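Undergrad: Below you'll find the structure I mean.
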């Protein structure tokens with residue numbers, strides 16, 4: 001089964017190790033499609049992360065150097081911390097009124113880091129409507145194909161679950177098919193993607209390939225701290241104030257193995273903070289000594305609650321998120337619950353307390369990143 | 001000039017790139033000394049860090065496997081976060097009454113990551129007194145030889161300023177001279193050293209060698225997150241409370257490019273916190289958006305002040321530390337000042353405000369780690 005033959009490879013035939021004959025053939029067919037295409041659209045999932053954005057920007061620069069007519073159209077805005085990567089202003093938010101005609105005439109659309117097809121939102125809807133040929137470069141489990149008869153809609157499907165980031169696959173493609181060396185802006189975009197998806201080489205998806213990629217990007221001119229400080233040292237003052245509120249309202253249970261906090265709308269208002277400032281706070285609670293499970297409850301619209309769960313890696317906690325109607329990774333999951341936070345914590349605290357009691361009987365876990 | 005010839009190589013003849021003939025000869029001579037020695041002492045600087053401790057423990061395991069009589073004797077205790085590396089209980093604090101006789105009969109002492117010879121304290125004094133043959137493995141600038149006539153006292157001197165960590169040099173030695181593969185405990189010790197000295201591959205001392213070393217250690221079985229959570233996710237509750245105090249007392253000046261905070265003894269007492277909990281707080285202030293220079297003042301004994309200065313990398317700030325009688329790296333420095341914090345901030349604030357005014361005229365800097 002070769003890509004480009006008109007057949008679609010099912011997600012169930014994966015995972016594929018990086019250097020399989022399938023992947024080699026997939027890249028070759030994809031490259032032929034790139035060479036043949038005049039107009040190419042690039043996109044990624046809603047609320048793009050560093051991996052999606054970095055992959056797009058590096059790929060876009062590559063295509064523009066090849067004189068392709070190329071645009072990046074995402075369904076939602078990119079977080080401001082990644083704007084430093086976009087010195088040319090290439091990141092656009094898809095506006096059907098303005099862009100649908102342009103989209104309809106694309107020879108190819110490449111989607112990065114997508115996972116769930118539905119997360120393309122209006123971009124995905126219009127690409128399908130206009131039958132644009134689709135390519136996907138990804139390292140996530142695949143879903144969201146129910147309305148497409150369960151079949152991924154990609155003609156070119158470069159999927160490698162074992163890759164530490166989608167940008168790693170883009171890097172491999174560019175290394176193999178690009179005649180020029182990587183520019184510094186491409187290398188910084190790919191490096192940003194790599195560090196944000198591996199937690200700065202911290203999660204267990206950090207493998208040989210992740211470090212080899214880092215070496216190559218450093219050789220292309222990346223200064224690690226220059227990128228890190230732009231991505232990680234941009235904390236808003238409102239977030240700092242809210243962190244103070246968090247530290248004053250932290251609660252412990254289960255012999256200190258559970259750390260939890262509820263942030264109410266009133267607290268956010270008093271810190272002049274927004275939902276966005278809450279990002280990373282559950283990871284912060286997890287950094288506390290003895291805390292194995294961190295829970296952050298954020299009040300949304302009065303009687304709804306956003307729940308974020310983190311585990312230090314010994315206990316999986318996504319089953320609790322699933323019970324609340326959410327989901328995620330074993331050690332990083334969450335849910336959005338239409339109930340007040342007081343009810344939510346009363347529901348999950350006993351479950352988590354039972355869980356941490358089993359600690360001594362369980363081996364050590366890991367953290368596979370996102 | 002070859003090591004082992006009785007000559008001592010002056011620090012001024014450095015830096016030496018890693019694969020110079022000098023370094024190769026130095027390692028060869030050092031290895032012969034290891035082979036010939038029966039009793040070997042290992043030490044590092046006072047208040048050991050991850051690099052010193054990780055290097056010692058990996059090297060100690062190597063020597064014990066060679067049936068050498070080997071002890072690790074440091075002048076001060078190792079931070080508790082590194083205790084997980086010491087499953088055999090090899091880390092000891094030097095007690096002259098108990099240990100001097102043992103020390104005096106050593107064939108060789110290897111000091112790791114030392115920099116300033118005086119930071120060996122009583123261990124250094126007694127090694128010199130008993131004329132024990134000394135070897136140094138280090139990547140720091142060398143100092144503290146004034147009382148030794150300005151000459152480093154090392155017969156074997158493996159100094160490489162360009163190495164991302166001392167453990168990188170230990171790893172290179174073990175790769176070249178050890179017949180067995182690295183064990184997991186050795187690999188975890190070396191990995192801990194590497195991530196603590198490179199800021200998890202964040203500082204600009206993170207080079208090709210750092211990432212190659214990481215690959216090798218991951219191949220030896222290291223699970224990155226297992227180590228990271230043991231080193232970085234061990235925050236004391238007292239530190240969390242103190243962080244709340246910090247966020248409530250943060251001040252900004254110089255158009256928000258200076259972020260500063262004074263922590264008084266009263267504040268520490270109310271948070272039930274100690275000086276130790278302040279560690280890393282100046283780095284935290286630096287993570288705030290627009291803050292280029294972070295200043296943390298900690299009140300010590302009423303009218304003394306510990307000053308910690310951090311820069312995001314555009315402005316060097318160690319000249320300010322020097323003015324206060326301290327020193328350090330361009331972007332991470334500090335001082336201990338026998339004056340109340342109110343006087344200290346009044347002294348340095350105008351200097352820093354002048355400095356940040358020059359921002360737009362200056363290029364971008366880097367961060368070379370520690």
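Each value in this text was obtained by applying a stated rule to the coordinates, not by laboratory testing. If you're wondering where the values come from, they're calculated on a predicted model, not measured in any experiment. In this analysis, Cβ positions are derived from the backbone assuming ideal geometry, glycine residues included, and neighbour counts consider all displayed protein chains.
Undergrad: Would you mind estimating how fast the protein assembly as shown diffuses translationally, via Stokes-Einstein at 37 °C and 0.692 mPa s with the Kirkwood radius over Cα pairs, in µm²/s?
TA: Details: Rh = 28.0 Å.
Using the Kirkwood radius from Cα pairs, D works out to 117 µm²/s.
Undergrad: Right, here's the next one. Would you calculate the separation in nanometres between label points at residue A:347 and residue B:25, each defined as 7 Å from the Cα along the Cα-to-beta-carbon direction?
TA: Rounded to a tenth, the inter-label distance reads 7.3 nm.
Undergrad: For chain B, set up a Gaussian network in which alpha carbons nearer than 10 Å are linked by springs, and say which option among B:206, B:298, B:80 fluctuates the most.
TA: B:80
Undergrad: Kirkwood Rh, Cα Rg: Rg to Rh for region B:83-153? Mind dumping the intermediate values first?
TA: On the way: Rg = 13.1 Å, Rh = 13.3 Å.
Rg/Rh: 0.98.
Undergrad: For the protein assembly as shown, give the share of DSSP beta bridges that are antiparallel, in percent and rounded to the nearest 5; count only bridges with both residues there.
TA: Details: 40 of 96 bridges.
Percentage antiparallel, nearest 5: 40.
Undergrad: Specify the inter-centroid distance of region A:186-255 and region B:289-312, based on alpha-carbon positions, in whole Å.
TA: 24
Undergrad: Over region B:11-232, what relative contact order in percent results from Cα pairs under 8 Å that are six or more residues apart? Present the calculation step by step, with values, prior to reporting the outcome.
TA: Values: 391 pairs, mean separation 53.2, N = 222.
Computed over region B:11-232, the figure is 24 percent.
Undergrad: From Cα pairs below 8 angstrom and at least 6 apart in sequence, can you work out the relative contact order of chain A, rounded to a whole percent?
TA: Details: 691 pairs, mean separation 48.3, N = 370.
Dividing the mean separation by the residue count of chain A yields 13 percent.
Undergrad: May I pose another question? Provide the packing ranking of B:126-138, A:266-278, i.e. peptides ordered by the mean count of other C-beta atoms within 10 Å per residue, highest first.
TA: Working: B:126-138: 19.6, A:266-278: 15.7.
Highest mean packing first, the order is B:126-138, A:266-278.
Undergrad: Another question, then. Counting residues in region B:11-232 as N, plug N into 2.2 N^0.38 Å and put the Cα Rg over that result. Intermediate results must be reported in sequence, preceding the final value.
TA: Working: Rg = 16.1 Å, N = 222, 2.2 N^0.38 = 17.1 Å.
Here the Cα radius of gyration is 0.94 times the empirical estimate.
Undergrad: With chain A treated as a Gaussian network of Cα nodes joined by springs under 10 Å, which of A:242, A:41, A:169 yields the largest mean-square fluctuation?
TA: Largest GNM mean-square fluctuation: A:242.
Undergrad: Determine the percent antiparallel among the DSSP beta bridges restricted to region B:239-361, to the nearest 5. It would help to have the intermediate numbers written out before the result.
TA: Numbers: 20 of 26 bridges.
Taking every DSSP beta bridge with both residues in region B:239-361, the antiparallel ones total about 75 percent.
Undergrad: Using only the Cα atoms of region A:106-265, build the gyration tensor, take square roots of its eigenvalues as a ≥ b ≥ c, and label the shape rounded, prolate or oblate: rounded if a/c is under 1.5, else prolate if a/b is larger than b/c, else oblate. Display every interim value, and only then the final one.
TA: Details: a/c = 2.13, a/b = 1.33, b/c = 1.61.
Taking the square roots of the gyration eigenvalues as a ≥ b ≥ c, region A:106-265 is oblate.
Undergrad: Can I ask one more? If you line up the long axis of helix A:184-198 against the longest principal axis of chain A, both from Cα atoms, how many degrees apart are they, to the nearest 10?
TA: Roughly 40 degrees, rounded to the nearest 10.
Undergrad: Right, something else. Per residue of A:250-258, what is the mean number of Cβ atoms on other protein chains within 10 angstrom of that residue's Cβ? Each step should come with its number before you reach the end.
TA: Details: counts 4, 0, 1, 0, 0, 0, 1, 0, 0.
What the average comes to for A:250-258 is 1.
Undergrad: For region A:245-368, what is Rg from Cα atoms divided by 2.2 N^0.38 Å, rounded to two decimals? Please list the in-between numbers first.
TA: Values: Rg = 13.6 Å, N = 124, 2.2 N^0.38 = 13.7 Å.
Working it through for region A:245-368, the quotient is 0.99.
Undergrad: Taking the Cα atoms only, what angle lies between the long axis of helix B:166-177 and the longest principal axis of chain B, rounded to 10 degrees?
TA: 20
Undergrad: Could you check which residue among B:39, B:230, B:98 shows the biggest mean-square fluctuation in a GNM of chain B with a 10 Å Cα cutoff?
TA: Evaluated over chain B, the most mobile residue of the options is B:98.
Undergrad: Take every DSSP beta bridge with both residues inside chain A and express the antiparallel ones as a percent of the total, to the nearest 5.
TA: Values: 20 of 47 bridges.
Antiparallel: roughly 45 percent of the beta bridges in chain A.
Undergrad: Roughly how crowded by other chains is peptide A:201-214, in terms of the mean Cβ count from those chains within 10 Å of each of its Cβ atoms?
TA: Numbers: counts 12, 9, 4, 7, 2, 9, 5, 7, 1, 6, 11, 4, 1, 8.
Per residue, the average neighbour count from other chains is 6.
Undergrad: I've got another one for you. Using helices alone, what [θ] at 222 nm do you get for chain B, with -39,500 (n - 2.57) per DSSP H run of 4 or more residues, divided over all residues and rounded to the nearest 500?
TA: The helix contribution divided over chain B gives -12000 deg cm²/dmol.
Undergrad: Continuing with this model, one more query. Assume the label is 7 Å from Cα along Cα to beta carbon: what separations in nm does residue A:31 have to the matching positions in the other copies?
TA: Here residue A:31 shows inter-copy label distances of 4.1 nm.
Undergrad: Take every Cα-Cα distance within chain B, group them into 20 Å bins from 0 onward, and report for each bin the whole-number percent of pairs it holds.
TA: Using 20 Å bins, I get a P(r) of 27, 55, 17, 0 for chain B.
Undergrad: Compute the separation of the alpha-carbon centres of region A:55-128 and region B:110-179 and state it in Å as a whole number.
TA: About 54 Å separates the Cα centre of region A:55-128 from the one of region B:110-179.
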